[in-house]
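A single structure is presented below for examination.
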Amino acid sequence: MAAIARRMLHELDATSREISQIGSGFRGTITVGSVTGPSVAIILPAIQSARARYPENEISLIVDTSDKLAGHLLARRLDFYVGRVPADVDTRALATRVVGPEPFCLVVREGHPLLEKQSPTLEDYTQYEWIMQPPGGLARHMVELYLLEHDCSPPERVISTSSLMVTLAFIQETDAIAPLASAVADFWTSRGGGLNRVRVLPLASDMAILPYALVTRQGESLSAAATRFYDDVSAKLEFSDAATFSGSEHLPKSLSE
């Protein structure tokens, strides 16, 4: 009986320590979502930092389009996400902190003919095949609008895919052009991403997608562990002056990113 009692006391002490760690945020499970660009530029560095400081935390990252991330958040499968608020979501259910527009750029393989061309134009770009989101995707819609606003028709030959890896593989093997989030392009071209055959085209440096935000459920507190990670992510973001954000003023219901 004494041996059993000692084991019980030891287990109670261990349980008490674990509960204390959970309450202080040093132990817990965190699930965060993000669209592609911020996942590379913001979330991954935050995870690396958090793993070094709070190794007992289990962090899961879901990278997807904003409409799916919003659905996961409202279904409580996410603690928070970095992305946009779809137009068909009740914004009263969400709390947002606006970050700003997401810069985009046009990417090709190393040695692409356009890199050698003197003073290329957007019309020169659209003579090549492009690889983009399927029709209805926000990034594709905004890129096509950018071209139209610059008196240039969208490319006639387009390969549609939502896979980043397929896009990167395709542009390395062909003369296709791919619009990518600048954070993703920067990672693969200059931050040791491992693809040394990818280059950014000089034009369209002012291309950007609609503002994104840090999104949580309205009126609900995060766990201590999720709060710590939320603060880590917040510290890596530069928020705009706007306190809240709704995609409904800008984002057609059929579009998502």
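The values are calculated or read from the model by the stated rules, or taken from the named source; none is laboratory data. Keep in mind that this is a model prediction, so the values were computed, not measured. FYI the Cβ positions are ideal-geometry reconstructions off the backbone, even for glycines, and counts take in every protein chain you see. Side chains included, ligands, DNA and RNA excluded: accessible areas come from the protein's heavy atoms. Shrake-Rupley method; radii C 1.70, N 1.55, O 1.52, S 1.80 Å.
Chymotrypsin sites (Phe, Trp or Tyr not before Pro), restricted to the range 64-118: which are DSSP loop and have at most 16 other Cβ atoms within 10 Å?
On the way: sites: F80, Y81, F104; in loops: none.
Passing sites in the range 64-118 do not exist.
Ok, one more. Heavy atoms only, probe 1.4 angstrom, no DNA, RNA or ligands counted: give me S182, S190 ranked by accessible area, highest first.
Values: S182 35, S190 80 Å².
Solvent-accessible surface, decreasing: S190, S182.
Another question, if that's okay. Compute the separation of the alpha-carbon centres of the range 134-208 and the range 51-124 and state it in Å as a whole number.
Centre-to-centre (Cα) distance: 14 Å.
In the range 100-208, what GluC sites (Glu not before Pro) fall in a loop by DSSP, with at most 10 other Cβ atoms inside 10 Å?
Working: sites: E110, E116, E123, E129, E144, E149, E156, E173; in loops: E110, E129, E156.
Of the GluC sites (Glu not before Pro), the ones in loops of the range 100-208 whose Cβ has at most 10 other Cβ atoms within 10 Å are E156.
Would you rank I4, I47 by solvent-accessible area, highest first, keeping every protein chain in place and using a 1.4 Å probe? Working shown, then result.
Working: I4 90, I47 30 Å².
Highest to lowest solvent-accessible surface, that is I4, I47.
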